[in-house]
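First up is the structure itself, then whatever we jot down about it.
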Amino acid sequence: MAALFATRQKDPSPAMTDEEYAKFCEFFYRKTGIQFQAGKKYFVDRRVADRIEKTCSESFRDYFTMVRFQVTGEELQFLVNAMTVNETYFFREDYQFDALIGGILPEVARSKRRNEPIRIWSIPCSSGEEPYSIAISILERWSQADSWNIEISASDIDSKILHEARTGLFGERSVSRVSAQLRSKYFLPRPDGSFQICDELRESIDFSLVNVVNPLHTHRFRDIDVIFCRNLLIYFDDVGRRETVEMFFDALSPGGFVCLGHSESMSRMSSIFLPRKFGETIVYQKPLSAE
Amino acid sequence: MVLVKAGGQRTLVLAEPSRDPAVLLADLSAAEPSVRRAAARDLAPHPEAAMALCDRLEVEASPSVRAVLLTSLIHLQSPTVAMRLASLLRSDDVPLRNAAIEALQEMPDAVAPHLRDLLADEDSDVRIFAVNILGALRHGQAPQWLTDVVRSDPHINVCAAAVDGLAEIGGPETLIDLEALRRRYEGNPFMEFAIDAAMRRIRGH
């Protein structure tokens, strides 16, 4: 308690007034689709204060001007990196990987020509645990895997976390749900206790920086068969969710699937997808005859 | 190796010139739904296109194009757009009507000027749909408007819809009106059950 009290005493004054906070949130929402409510002011304020200090800006006003008008957009990217949450681990919500292997992929394969690849898109991919988990699940558990070319794309808005994903170094907590057998097959233990994912997996996944509300980033994703988009839409408001889901509709092949996080549902976002139950989970399918 | 790296044949477009709004308006009638969807989405920053989007929505048959038309109209929301969407409450096309209700719920300030008229409509179905809008409308007056319905609407189904809405967004100040409504429908098991459930929820039981 004493430490907590001391921390509170040392808190600097807020970087932003309430009015500035509202302006900042509006700007950040327009750029990223991510919305912060009034209750998140402390979280946002601390991170903005840190960026003000690191950029040697004299005030929030100076900093905000730079973020808005900087030609390279570099500082906006730093800000995005600071504001996004990247907590994840291998085989998180593994019942969705069960659904992928047991139901979704066999169904996708039935409607595919053999010379067409099966395309999977993980967004946001954070530090890479999800796309690597998808790859391992397919290699280990899908009996038809050898009959198909499978492309896994993985995207995130946070450039720093994407670099980590490409690097493929993971701590013990991140791999805690990976069996010893899979660890020995796909990871190289390092002297510092971390685990390096094998090069074959690392090099097989196409990582890219994508802001889902920027059509210039998303329009190259087409003919996707399965999208994993877990725990992203909870950060968006209703309109942002609608736009994202409509973007997924354009990105998917007819009959393609969207897997959302366990606390997310399409029901208030879109009636253009069909809910499908696979085992323990509900996923959303673009109708085969969709248009 | 079953895993093949994606992206080799894809090109990243760094900048795309804005499309001519006149072309986009023409594309709203294109044969391909994907072209109509793209046009509807790209017209979202063009307020002058709002009525054209409303016109297209009234005849559009593709659910996916409708969805994008509505999202763009939410961006372009205004009392005029809300009025056009409100006219769809009379549509016999149930998915379209429900989609219009959901879109109107996303534009509280734009729909607010029309709610009094909708709640006073001679068609009880339209009044029910207006109550449905209120149930999820982020507008400070919404609980009061629902309370007014409970006090004065003569139709049992409209009142029942308002009770459902108040169960979600009503405060303790609405209890007195719910009790009065319960007396009005005394002996009607459905209304007694619905009102009791709403009052329990408002009281936090």
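The values are calculated or read from the model by the stated rules, or taken from the named source; none is laboratory data. Owing to the predicted nature of the structure, the values given are computational and were not obtained by experimental measurement. Positions of Cβ are backbone-derived with ideal geometry, glycine not excepted, and every protein chain shown enters the neighbour counts. When the accessible area is computed, the model is the full protein with side chains, heavy atoms only, and any ligands, DNA or RNA have been set aside. Shrake-Rupley method; radii C 1.70, N 1.55, O 1.52, S 1.80 Å.
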**OP:** Express the relative contact order of region A:2-83 as a whole percentage, based on alpha carbon pairs under 8 Å and six or more residues apart in sequence.
**Re:** 26 percent
**OP:** Only residues of region B:149-172 count here: report those whose backbone N is under 17 Å from the spot 7 Å along Cα→Cβ of B:Q141, or say none.
**Re:** B:149-152
Subject >> Total accessible area lost when A and B pair, probe 1.4 Å, Å² to nearest 100 >> reply: 3000 Å²
Subject >> In Hz, Karplus ³J(HN,Hα) per residue of region A:208-219 (6.51, -1.76, 1.60; θ = phi - 60°; x = Gly, Pro) >> reply: 8, 7, 9, 9, 5, 8, 10, x, 5, 7, 9, 6
Original post:
If you take the Cα Rg of chain A and divide it by 2.2 N^0.38 Å, with N the number of residues, what do you get?
Top reply: 1.09
**OP:** Using only the alpha-carbon atoms of region B:111-163, report the extent along each of the three principal axes, biggest first, to the nearest angstrom.
**Re:** 25, 19, 15
Original post:
Considering only DSSP states other than H, G, I, E and B, which GluC sites (Glu not before Pro) in region A:47-134 qualify as loop sites with at most 13 other Cβ atoms within 10 Å?
Top reply: A:E58, A:E87
Original post:
Kirkwood Rh over Cα pairs of region A:2-83 into Stokes-Einstein at 25 °C, 0.890 mPa s: D in µm²/s?
Top reply: 183 µm²/s
Original post:
How fast does region B:61-109 diffuse by Stokes-Einstein, in µm²/s, taking the Kirkwood radius from C-alpha pairs at 37 °C and 0.692 mPa s?
Top reply: 307 µm²/s
Original post:
What range in chain B is the longest one free of GluC sites (Glu not before Pro) that are in a loop by DSSP and have at most 13 other Cβ atoms within 10 angstrom?
Top reply: B:1-121
**OP:** Treating the angle as unsigned and between 0 and 90°, give the value, to the nearest 10°, between the Cα long axis of helix A:74-83 and the longest Cα principal axis of chain A.
**Re:** 80 degrees
**OP:** Write down Rg/Rh for chain B, rounded to two decimals, with Rg from the C-alpha atoms and Rh from the Kirkwood relation over Cα pairs.
**Re:** 1.14
Subject >> Cα-based Lys pair tally, the protein assembly as shown, threshold under 28 Å, eight or more apart or on separate chains >> reply: 27
Original post:
Which value, in Å to one decimal place, does the Kirkwood hydrodynamic radius take for the protein assembly as shown when every pair of different Cα atoms is included?
Top reply: 25.5 Å
Original post:
Accessible area per residue, 1.4 Å probe, Å², for chain A: what's the number?
Top reply: 48 Å²
Subject >> chain A - mean residue ellipticity at 222 nm from DSSP helices (-39,500 (n - 2.57) per run, n ≥ 4, rounded to 500) >> reply: -12000 deg cm²/dmol
Subject >> Debye intensity ratio I(q)/I(0), log10, region A:233-272, q values 0.14, 0.16, 0.22, 0.28 Å⁻¹ (C-alpha model) >> reply: -0.28, -0.37, -0.71, -1.10
Subject >> On Cα atoms only, tilt of A:18-32 relative to the major axis of chain A in degrees >> reply: 30 degrees
**OP:** Tell me, rounded to the nearest percent, the portion of alpha carbon pairs in region B:111-205 spaced more than 19 Å apart.
**Re:** 33 percent
Original post:
Hey, what's the Cα Rg ratio for region A:123-282 versus the globular rule of thumb, 2.2 N^0.38 Å?
Top reply: 1.09
Subject >> Principal semi-axes in Å for region A:134-205 [√(5λ), Cα gyration tensor, largest first] >> reply: 21, 18, 10
Subject >> Which of B:A142, A:F69, A:L105, positive extreme of dipole for the protein assembly as shown (C-beta unit charges) >> reply: A:L105
Original post:
Rounded to a whole number, what % of the accessible area of region B:111-205 do carbon and sulfur atoms account for, probe 1.4 Å?
Top reply: 50 percent
Original post:
Dividing the alpha-carbon radius of gyration of region A:101-165 by 2.2 N^0.38 Å (N being the number of residues), what value is obtained?
Top reply: 1.21
Original post:
What does the accessible area per residue of region B:59-128 come to in Å², with a 1.4 Å probe and no ligands, DNA or RNA counted?
Top reply: 40 Å²
**OP:** Name the residue farthest towards the positive end of the dipole of region A:124-257 from the options A:I161, A:F195, A:N214, assuming +1 on Cβ of Lys and Arg, -1 on Cβ of Asp and Glu, about the Cα centre.
**Re:** A:F195
Original post:
So how strong a dipole does chain B carry about its Cα centre when Lys and Arg Cβ are +1 and Asp and Glu Cβ are -1, to the nearest 20 debye?
Top reply: 660 debye
Original post:
Under a point-charge model restricted to the Cβ atoms of Lys and Arg (+1) and Asp and Glu (-1), what is the dipole moment magnitude of region A:2-83 relative to its Cα centre, in debye to the nearest 20?
Top reply: 240 debye
Original post:
Can you give me the relative contact order of region A:175-291 as a percent, contacts being Cα pairs under 8 Å and 6 or more apart?
Top reply: 20 percent
